[in-house]
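In what follows, a single structure is set out as structure tokens and then discussed.
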Amino acid sequence: MNEKQIVCTCGHVNPPGTQLCQNCGRLINDDYDKKKTTDIMRYDGSAVRSKTKNRTLIDKIWIFFSSVKTGVTLLVLTVIGAAIGSILPQQYFIPLNEDPATFYSEKYGSIGYLYYKLGFDNLYTSWWFLILLALVAFSIIAASIDRGVPLFKSLRSQTVKKHPSFLKRQRLTLTDSKTVALEDVKATLEKKRYKVKIEGSSLLAEKGRISRYGPYINHLGLIILLAGSMLRFIPAFYYDGSIALKEGDTKSVPGTNKHYYIRHDKFIFEQYDQTAQSNTVSMKADASENMIAKNYETKLTLFTNGNKNIPGAEPALNELRKGSIRVNHPFKFDHFELYQNSFDQSQLKEMTFKLINNKTGQETGKQFTVNLDEPASDYKIANNLSIHLRNYAPDFDKVEANGTLSTKSPNTINPAFVFEVAEKGRKPEFSMLKIRSSQDISQGNDYSIKFVSATNHILTFLTVKKDLTLPILFAGFTIFLLGLFIGSYINHRRIWINQENGFKLAAHTNKNYFGLKNEINSLLETYHLPEVKDKNDESEDQS
């Protein structure tokens, strides 16, 4: 023998690291048999790469990742990471109109703040979790190739005739001086669904070989599951976003690259009748405070953009269809689904004011309404009386040094106005109005502007989802369960018979020796042969 090949005494040339001759089954390394007898038949004595090569850096990397210990460690780390991500809700589960930093701090305190700062709120999309998944996948692939390929080659090229030492080494054996007709044995075993080969005075019967591939089918399922999980981070396969629309707004659907647009036509919010049992059976005494929502519904129109392929062009919208979204009843189109998430009525849409004469206390002129999204600058309320909007802040913060109003945000939740009352022949009067507050800017004003009423925007929040990975995940999970079934409930059974010098029988299975022994004994009883011997039973008797 040399470093490149192992030549058995039968003349067969075996690859480096082989423990059992691939031709006759003779043990090549006596020391190996004494220390690791179970490993020999696990891969039929074939060479496993991680146990035969350890020279280059690639070999060392391969050995590390093909190790079962490494694979289990990576899986445990992945499970721990996934568990951390489930302690508090991920960011895509919190309300869309909430600031994540504020949400976690206010709801969960210092733990929530730390959870957010460490990036655990987006744990499943974090770079380190993706790397961990990739390492797990690589470890599974390496372990499968390292062990599965040698096993496949060994089982594919099995020989019928085996050396007596191979037969003697098996757990179930029998030696008898009587011989039987192998063709009769073959017919009997084939009835038991064995595949039988006869060469001269030797016989090999085998069934359930697929059982040996059960773990590797499991691995394939896991790899497909991991691949599907990682594809969820590619927008072409998976998208999870959101969109907020006011009534009448038209916006492009996120994730569609401005191919699709939707218009918010109407929002419907219904509650159960105040006398309904759903409302009256409550912890609160005041039935008016027990109102329970019956329906949230967004009616919308879907458009396609005819200019989607023209960079910078204004969208040319073509109506595709109308529909509605209710809780758990999404609107579906082109692999996308729109779900009703929540709604908001806190933003003001219009505010109506009236002008009061301070001397008489009577209303002067007609009322005027300010559109808070696009306010007009002038409002004529009488022939000789006009109101001019000089300054406006949708979300009032403070008055700047130059007298202008600053705003915290573009949202119309705390508007403030500077109005000018202009009457022919009189000096203009200025006043500033805020929510529940009015302040004269000029001295000795004859008029006051008073708030009358307001209407609110109904802002609907929709979740946009696209998931093309579900078939992949389903296939991976199905293959995993199939491998689990094959590996758990199917036995790989082999029976060798040699009649050169009397009757010699040996048998091996990867599980359930009790069942195999009973099956063989029923066969031997037909030919009036003694029962097969089980080495485990003999060792128990000796102990």
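The values are calculated or read from the model by the stated rules, or taken from the named source; none is laboratory data. If you're wondering where the values come from, they're calculated on a predicted model, not measured in any experiment. With ideal geometry, Cβ positions are generated from the backbone for all residues, glycine too; neighbour counts draw on all protein chains shown. When the accessible area is computed, the model is the full protein with side chains, heavy atoms only, and any ligands, DNA or RNA have been set aside. Shrake-Rupley method; radii C 1.70, N 1.55, O 1.52, S 1.80 Å.
For the chain, with all protein chains in place and a probe radius of 1.4 Å, 54% of the accessible heavy-atom surface sits on carbon or sulfur. Compared with the rule-of-thumb size 2.2 N^0.38 Å for a compact globular protein, the range 164-252 has a Cα radius of gyration ratio of 2.44. Take every Cα pair under 8 Å whose residues are at least 6 apart in sequence, average their separation, divide by the length of the range 483-535, and the relative contact order is 24 percent.
How much of the calculated P(r) for the chain lies past 46 Å, in percent of all Cα pairs? Distances greater than 46 Å cover 48 percent of the Cα pairs. Each label point was placed 7 Å from the Cα along the Cα-to-Cβ direction; for T526 and S409 their separation is 8.2 nm. I want the local charge near K197. Using Cβ-Cβ distances under 9 Å, sum +1 for each Lys or Arg and -1 for each Asp or Glu among the other residues. The answer is 0.
Heavy atoms of the protein chains alone define the surface here; on that basis the chain has 56 Å² accessible area per residue at 1.4 Å probe size. Computed from backbone phi with θ = phi - 60° and the Karplus coefficients 6.51, -1.76 and 1.60, the 3J(HN,Hα) list for the range 527-536 is 9, 6, 9, x, 5, 5, 9, 10, 4, 5 Hz; x is used for glycine and proline. Return the whole-Å distance between the Cα centroid of the range 355-396 and the Cα centroid of the range 479-524. Between the Cα centres of the range 355-396 and the range 479-524 lies a distance of 95 Å. What is the Cα centroid distance between the range 185-225 and the range 71-142, reported in whole angstrom? Centre-to-centre distance over Cα atoms comes out at 44 Å. Across the range 74-88, coupling constants 3J(HN,Hα) worked out from phi with the 6.51/-1.76/1.60 Karplus curve, θ = phi - 60°, read 5, 5, 5, 5, 5, 5, 4, x, 5, 5, 4, x, 9, 5, 10 Hz, and Gly and Pro carry x. Largest first, the three principal axis extents of the alpha carbons in the range 332-451 are 66, 34, 21 Å in whole numbers.
Sorting R212, R49, R494 by accessible area puts them as R49, R212, R494; the probe is 1.4 Å, largest comes first, and only protein heavy atoms count. A simple charge model with +1 on the Cβ of Lys and Arg, -1 on the Cβ of Asp and Glu and nothing else charged puts the dipole of the chain at about 2140 debye relative to its Cα centre. The GluC sites (Glu not before Pro) of the range 383-488 meeting both criteria, a DSSP state outside H, G, I, E and B (loop) and at most 16 other C-beta atoms within 10 angstrom of the site's C-beta, are E400. Exceedance of the 21 Å cut-off in Cα-Cα distance is limited, within the set K251/K308; K197/K511; K332/K466; K107/K349; K349/K465; K322/K465, to K197/K511; K107/K349; K349/K465. For N391, the amide hydrogen comes within under 5 Å of the amide hydrogens of V418, counting only partners 5 or more places away or on other chains and with H modelled in the peptide plane.
Summing Lys and Arg as +1 and Asp and Glu as -1 over all other residues whose Cβ lies under 14 Å from the Cβ of K504 gives a net charge of +4.
Couplings 3J(HN,Hα) of the range 248-257, computed from phi: x, 6, 10, 9, 6, 6, x, x, 9, 6 Hz, in residue order, whole Hz [Karplus 6.51 cos²θ - 1.76 cosθ + 1.60, θ = phi - 60°; x for Gly and Pro]. In the chain, the calculated helix contribution to ellipticity at 222 nm averages -10000 deg cm²/dmol per residue, counting -39,500 (n - 2.57) for every DSSP H run with n ≥ 4. Close amide-amide hydrogen proximity is noted between I6 and N14, each under 5 Å apart and 5 or more residues distant or on a separate chain (H modeled in the peptide plane; Pro and chain starts excluded).
Each other residue within a Cβ distance under 13 Å of P254 adds +1 if Lys or Arg and -1 if Asp or Glu, for a net charge of +2.
Annotation: I111 carries an accessible surface of approximately 120 Å², with a 1.4 Å probe and no ligand, DNA or RNA atoms counted. Full extension of the segment from T369 to Y272, taken as 0.36 nm per residue of separation minus the current Cα-Cα distance, would add 31.6 nm.
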